[in-house]
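S.K.: Take a look at this one; I'll ask things after.
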Amino acid sequence: MVAGSKRLALGLWVAMTLLSACGNVFVSSEGRMATQTVSAIDGVAEQTLEALRTADGSETDLSPRPTASNTALPATATPPPTATPWPAPVRIEVSIDTNCRAGPGPEFPLIGALMVGETTIVRARVLELDYWIVENPDNPGRECWLWGRHASLDGESGHLPAVTPPWTPTPEPGTIAGWAFIDVNKNGARDYPGDTPLSGVRIMVRVGACPGGTSVGMVETNAEGRYLISSLVPTLYCLSGEATVLLYPNTWTINLSPGQMRDEINFWQVP
């Protein structure tokens, strides 16, 4: 339909052109009428063309078009995680010089000691026992077990790992040995060429500090005056010479550690 309207308008325009040309030649009353007719036709044609432009949508629309916004939506901010401060090292000191062992008890080997005035770092706490696992004061980088009886901490220990006490090992047995002799130069040492061995001297062994308690056994010195008592459980012992012979000293109190060899526990007579 729009195309037909355009053809009609074109025909009207051609007709107007021809009439205008004719109007220039003839100046009669009919010419004036033709000119008026042409003007009327021009008005109609202009109105027709305007209607066609509106219907065809060819009229330029200069009004601003909405544009898409490139503004990004605000992102939801996630706060960074808060770092948990690392606990300060817990240090330990003692009021009495304290041994540091390979385990929680005197049956474990002695591998270090924490002296009064020293401190060391606590690595772990021991469940159910009054012990702390600490950095060995005598061997940095290694650990040992410190009795807590005379110890105090500098810091909180709740964050330290808790350790279950290990099984108690069978302690390595120890040995006690010595000589019986006649001390010619009376200096209490087996160092003089004239010192004479005492053979057959009986040495009694009892548990505990002298005078001792339960008897462990008895040994005799050999022809060279030598005696040796092996396979002893590490503990406190009392050694004494037989009562029928006057010996110096009459008794020895010996604290035997695991695997220890205590030699030169001697008895002698004075001529």
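The values are calculated or read from the model by the stated rules, or taken from the named source; none is laboratory data. None of these values were measured; they are calculated from a predicted model. Every residue, glycine as well, gets a Cβ built from its backbone with ideal geometry; the counts of neighbours run over all protein chains shown. Keep in mind that these areas ignore ligands, DNA and RNA; they rest on the heavy atoms of the full protein, side chains included. Shrake-Rupley method; radii C 1.70, N 1.55, O 1.52, S 1.80 Å.
S.K.: Compute the FRET efficiency between Thr196 and Met218 as 1/(1 + (r/R0)^6), taking r as their Cβ-Cβ distance and R0 = 25 Å, and round to the nearest 0.05.
M.R.: Plugging the Cβ-Cβ distance into 1/(1 + (r/R0)^6) gives 0.65.
S.K.: Net charge within 15 Å of Pro109 by Cβ-Cβ distance, Lys/Arg positive one each and Asp/Glu negative one each, not counting Pro109 itself?
M.R.: In short, -2.
S.K.: Once Lys and Arg get +1 and Asp and Glu get -1 on their Cβ, which of Leu114, Ala189, Ala223 lies farthest toward the positive end of the dipole of region 114-271?
M.R.: Ala223
S.K.: May I ask for the percentage of alpha-carbon pairs in region 212-271 that lie more than 16 Å from each other?
M.R.: The answer is 48 percent, as a whole percent.
S.K.: For region 207-271, what % of the accessible area comes from carbon and sulfur atoms, probe 1.4 Å?
M.R.: Solvent-exposed carbon and sulfur of region 207-271 make up 54 percent of the total.
S.K.: Let me ask something else about it. On average, how much accessible surface per residue is there in region 209-271, in Å², for a 1.4 Å probe, leaving out ligands, DNA and RNA? Walk me through the numbers on the way to the answer.
M.R.: Numbers: 3420 Å² over 63 residues.
The answer is 54 Å² per residue.
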